[in-house]
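Quick notes on the structure that follows.
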Amino acid sequence: MRDPLFALRPWEAPEVTSWGRLPMNAVDRRAGALSLDGSWRFQLLPTPTSAPGLAWSSLQVPGSWTTEDTDDLPQYTNFKMPWGEFPPASPDANPTGVYERAVDVPAEWAGRRIVLQVGAAGSVLLVHVDGRPVGVSKDSHLAAEFDLSDVVRPGERASLRLTVVKWSDASHLEDQDHWWHAGITRSVLLYATDPLRLADVTVRTRCDGGLRVDCQVRDAGGALPEGWYVTGELDGRLLTQDAEYERFKEEDGRVSDFLGEARLTAVVEGVRAWTAETPELYDLTVRLHRADGSVADTSHHRVGFREVAIRGRDLLLNGERVYIRGVNRHDFHPLTGRTVSYDDMRADLVTLKRFGFNAIRTAHYPNDPTLLDLADELGFYVVDEANIEAHDHAHEIADDPRYLGAFVDRVSRMVLRDKNHPSVIIWSLGNESDYGAGHDAAAGWLRRHDPSRPLQYEGAAKLGWADPKVASDIACPMYAPLEDCVAHALSGEQTKPLIQCEYSHAMGNSNGTLADHWAAIESTPGLQGGFIWEFWDHGILQRVNDGRPAGRGGAGLYDNGVTAPGHRWAYGGDFGETVHDGAFVADGVVFPDRTPKPVMFEHREIAAPVRLAYVGGELRVTNHQHFRGLEWLAAEWELSLAEGGTLTAAAELPDVRAGESVAVPMPFTLPRDGGEAWLTLRVTTADEEAWAPRGTEVCVPQVRLRAATPVGSVATEDSPVEVDEDGLLVHPLLSAAPVLSLWRTPTDNDELGGMAVRWRAWGLDALERKLVDVRREGGSVTVVAEYATLAGAVRHEQVFTRVEGGVRIEETAQLPAALDDVPRVGSVFETVAGLDVLEWYGQGPWESYPDRSTGAPVGHHSLPVDELFTPYLRPQESGGRHGVRRFTLSAPDATGFAVALDEPRQVTVTRYRAADLAAATHHDELVPRPGCVVHLDAAHRGVGTASCGPDTSPGYLVPAGTHRWSWTLRVL
């Protein structure tokens, strides 16, 4: 007889969202469950209708088979489907995984209701027990539960088969910007309940301590037994039966024989409200009793008292307008694909917390439910997003009635699962799926079921940010230009909070103008924040010798963003796929091993809970939080003198309420000498926090107390500077003399934003120097050269003058008007080998650029040269330090040279020429040079975020015209 599940062919039936699957609920059944995680028998078949053979292997559950050494490898596409069939069709070649294992059903479960829970499987799951069909489920990111009570026997062994079909009609709804994986990616459980059970529990709280718990009760036998009742307690405090609700049920006819409803209430005096800054949680226990008082079922919840509301154009939490400092997050791991452990999720959130983030958008599907438990505990505002993205066929699917049920199913099941989490403050209907009847239908169900939270959907913006009729309570555009956001807020037409769902794209060396965005957000009523795209660089650890994922065996083969020899971070196209979107998957604020990129320090200072200001001789400290005082923080003052090193002193943070500021005494008396002076407040955690040990650095706000003293004339000497026959400086520590540089290895933003194409067309990547003139006068040598470009010749003049202990180089570059936007103007030279340590006074210690330098305080810094370079997944311009006043490059024996710059400049010191970086696609292809390649830039273009979003602001462009800079080179 033909199997009815396969006869149904659910992988090509969008109207079928499930069969035999139990309703979603918010009752946690993990306690007492039998874990089925571990090794399963496995076969990978070419199609869903292929019959399993005799050859079985083993595979770990949970996991993605695409990372576990099968022949079906990962594939990355941004929005284009990896196959050409139109919805709802799927390709004939359709990898299908068959998982089998035996399960010993506990004998003590006799008489109980037995349920199988599959945490996530994609994209279609078919369940059989002992060869009997049990059910079907779709949605790769939500659990599916099936009642096995009639197909297994307690005390006996059952054979469980889970068949997972990779491609289906549902794949068209899961067209998200990440790797295509397949498998059973979250835990599998078997649990038992009493026939009389809590079918669902809904918790509603108010920030004033009000609590309401609504319970649904069912019995496996159908009709409910007489006399059942529900009790509850909150941190040991008994809840009250809501008698008025009982009367309402009677009057409204809400009494049935098979569905019981009960409501418990309480008012908690002196309640500790939940916020992201103060994530206060209470333990709630709900018990279902039989008529004799015995307990039939119990449900535990962690409750946070908070309220979410929109008033005018402000999103309020507990009545306060809060900034949303968010990031988009996928479930991702470089070894296991979509399978992420508790420890990994906790490490994700700890990292975000330490760098000032307070919000997460679960892009673009409900994340593992453990993530929400952790967000409740650690303190994050969550936009919970339904698993809907029809990107490649968005317009067709949004109004397709065949997919209508899938829209409502995916939104409603997410809400039913996650509704009791205080961290979830906004629901999202999905991502990049146009806007149609499917969204309106899902929004209608959601608004009726949960009126306590707003909902958002970016696609509704096609009808305007202010349209009140669309299914979005928040204007949540994607990569809207900053000037458009400000103009909307000032237009008088804004009707909703404006919180960008994506606003700064972290691909490669990126996130320029982040500080400018936040300066505008904090100064413009109506703007309230946004979510950076995204948390991870989704590089998969790959073995170079065979091109396969390293899998679970790759643990320990990476550190600080760098892979071990023989391995690399793979991106789109590295697994032999022809349809892919390359390195666009590497667009996170952390590397694949969770090492922070430099932008994380930028964000940390922008989001700092403590601000420092120095105006009119008065020093002020501001508490820049929404709810919390400064008592959880400790601090130390640090005075950095350009000519006198660094001084420190103990700091006592003032008792100042959130949002307020206070004047504090100056901790130092400035010495008369010492030139430029900067005051830094190094702020750390005063005690253990859930996300940081005591002494963890939180922020380093800084103010300038005294400007630099203008540099006087340098005494010159009459001895001539040596230049060769080409007019190039001869120096014992330089292996290549300083010449003009207008080129940088294109960043991802440069490439995808189109700038690099223009720069190459001009010939900036292959400038040829032509000596025009060499003039000697006294102790100075003037060298004039020209560099031909297709936009006109660039004239470059260098004046070399002997000074005490070295040489001064004064440079001028004249760019023709057609070169109106170049990557840099400056000098580049190379050193001899052995100079391995850079010490500098300027911004640091981490990488910074003109439009991304807020997080790099001015001071005295030192790093080995090999640690200056930032290993972005695709090699590109990196390692720069902004605002450098002077630096030394030295060997272990302290020999080397010092460079003093005429004013703060962009300086880059690495082991690679621009051509070396441009020729490599991955870091395993790079070969460090023995010496250093040094760039001193008179002007350097901002990095922007143009790979997906706006370019840098006009003020950070490098224009045509005359550029002048000078520097002095002295031997140590």
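Observations, loosely collected:
- Subset of segment 863-876 that is touching a strand residue (DSSP E or B) at 6+ places or on another chain (Cβ under 8 Å) and within 16 Å of His922 (Cβ to Cβ) - its residue that is surrounded by the fewest Cβ atoms within 10 Å (Cβ to Cβ): Pro871
- All of Asp208, Asp219 fail the test of being modelled with pLDDT of 95 or more and touching a Gly at 6+ places or on another chain (Cβ under 9 Å), apart from Asp219.
- You will find that of Glu261, Glu244, Glu280, Glu233, the residue that is at negative phi and either without any contact (Cβ under 8 Å) to a residue 12 or more places away in the chain or exposed (fewer than 13 other Cβ atoms within 10 Å of the Cβ) (or both) is Glu244 and no other.
- Test: residue in segment 496-516 that is surrounded by fewer than 22 Cβ atoms within 10 Å (Cβ to Cβ) and closer than 26 Å to Asp581 by Cβ: no
To keep it simple, each residue is scored yes or no on (1) crowded, with 22+ Cβ neighbours inside 10 Å; (2) more than 13 Å from the chain's Cα centre (by Cα).
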{"residue": "Asp331", "(1), (2)": "yes, no"}
{"residue": "Asp373", "(1), (2)": "no, yes"}
{"residue": "Ile397", "(1), (2)": "yes, yes"}
{"residue": "Arg402", "(1), (2)": "no, yes"}
{"residue": "Val411", "(1), (2)": "yes, yes"}
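- Tabulated pairs, segment 902-917, first closer than 17 Å to Asp750 by Cβ, second small (Gly, Ala, Ser), C-beta under 6 angstrom, 6+ apart or interchain: Gln906/Gly880; Thr908/Gly879; Thr908/Gly880
- Meets criteria (crowded, with 18+ Cβ neighbours inside 10 Å, over 22 Å from Thr339 (Cα atoms), of a type in the set (Lys, Arg) and more than 29 Å from the chain's Cα centre (by Cα)) for Arg101: no
- The set of residues from segment 875-886 being within 30 Å of Thr563 (Cα to Cα) and in a strand (DSSP E or B) comprises Gly880, Arg881, His882.
- Entirely in segment 672-760, the strands (runs of 3 or more DSSP E) that have 1 or more residues that are within 30 Å of Phe355 (Cα to Cα): 677-685, 697-699, 702-706
- No other residue among Val721, Val703, Val781 is surrounded by 13 or more Cβ atoms within 10 Å (Cβ to Cβ), touching a Pro at 6+ places or on another chain (Cβ under 9 Å), of a type outside the set (Ser, Thr, Tyr) and over 26 Å from Val822 (Cβ atoms) apart from Val781.
- Restricting attention to segment 1-29 and to residues that are at pLDDT below 95, out of contact with any strand residue (DSSP E or B) (no Cβ under 7 Å at 6 or more places or on another chain) and in a loop (DSSP other than H, G, I, E, B), the residue that is surrounded by the most Cβ atoms within 10 Å (Cβ to Cβ) turns out to be Arg9.
- Residue match in segment 373-391 (condition: touching a helix residue (DSSP H, G or I) at 6+ places or on another chain (Cβ under 9 Å) and at positive phi): yes
- Only one entry in Val213, Val230, Val217, Val203 is over 30 Å from Glu108 (Cβ atoms) and either part of a strand (DSSP E or B) or touching a strand residue (DSSP E or B) at 6+ places or on another chain (Cβ under 7 Å) (or both), namely Val203.
- Considering segment 623-652, and only residues there that are more than 13 Å from Thr680 (Cα to Cα) and free of Cβ contacts under 8 Å to residues at least 40 places away in the same chain, the residue that is surrounded by the fewest Cβ atoms within 10 Å (Cβ to Cβ) turns out to be Glu652.
- Condition check for Val127 on (1) more than 25 Å from Asp200 (Cα to Cα); (2) over 31 Å from the mean Cα position of the chain (by Cα): one failure, at (1).
- Those residues of segment 941-972 which are crowded, with 22+ Cβ neighbours inside 10 Å, part of a loop (DSSP other than H, G, I, E, B) and of a type in the set (A, V, I, L, M), in sequence order: Val943, Ala946
- Taken over segment 626-655, the residue count meeting the criterion of being of a type in the set (Asp, Glu), within 35 Å of the chain's Cα centre (by Cα) and not in a strand (DSSP E or B) is 3.
- Hey, Gly53 modelled with pLDDT of 95 or more and of a type in the set (Gly, Ala, Ser) or not: no
- Check on Lys353, modelled with pLDDT under 95 and surrounded by fewer than 23 Cβ atoms within 10 Å (Cβ to Cβ): no
- Set Ala550, Ala519, Ala586, Ala570: member being more than 21 Å from Thr921 (Cα to Cα) and either of a type in the set (A, V, I, L, M, F, W, C) or buried (at least 22 other Cβ atoms within 10 Å of the Cβ) (or both): Ala519
- Subset of segment 487-527 [within 21 Å of Arg321 (Cα to Cα) and small (Gly, Ala, Ser)]: Ala487, Ala489, Ser491, Gly492, Ala515, Ala519, Ala520, Ser523, Gly526
- Qualifying residue in segment 470-482 (condition: of a type in the set (Val, Ile, Thr), out of contact with any Asp or Glu (no Cβ under 9 Å at 6 or more places or on another chain) and either more than 20 Å from Val382 (Cβ to Cβ) or in a helix (DSSP H, G or I) (or both)): no
- Just one of the numbered conditions (1) without any contact (Cβ under 8 Å) to a residue 24 or more places away in the chain; (2) more than 30 Å from Asp593 (Cβ to Cβ) is not true of Asp546: (2).
- Among residues of segment 148-186, those that are under 24 Å from the mean Cα position of the chain (by Cα), within 14 Å of Ser64 (Cα to Cα) and in a loop (DSSP other than H, G, I, E, B), counted: 4
- Only one of the listed residues (Val61, Val129, Val124) is assigned by TED's automatic domain parsing to the domain that holds Arg21 and either surrounded by fewer than 21 Cβ atoms within 10 Å (Cβ to Cβ) or free of Cβ contacts under 8 Å to residues at least 12 places away in the same chain (or both). That residue is Val129.
- Taken over segment 825-868, residues that are outside any strand (DSSP E or B) and over 22 Å from the mean Cα position of the chain (by Cα) amount to 13.
- Filter result (farther than 22 Å from Leu705 by Cα and among the charged types (D, E, K, R)) within segment 614-636: Arg628, Glu631
- Some residue of segment 370-384 being polar (S, T, N, Q), closer than 18 Å to Phe332 by Cα and in contact with a strand residue (DSSP E or B) (Cβ under 9 Å, 6 or more places away or on another chain): no
- Matching entry among Asp392, Asp368, Asp343 (being surrounded by 24 or more Cβ atoms within 10 Å (Cβ to Cβ) and out of contact with any Gly (no Cβ under 7 Å at 6 or more places or on another chain)): Asp368
- Positions within segment 30-50 being modelled with pLDDT of 95 or more and among the basic types (Lys, Arg), in sequence order: Arg41
The values are calculated or read from the model by the stated rules, or taken from the named source; none is laboratory data. These numbers come from a predicted model, not from an experiment. Methodologically, a virtual Cβ is constructed for each residue, glycine included, from the backbone with ideal geometry; neighbour enumeration extends over all protein chains shown.
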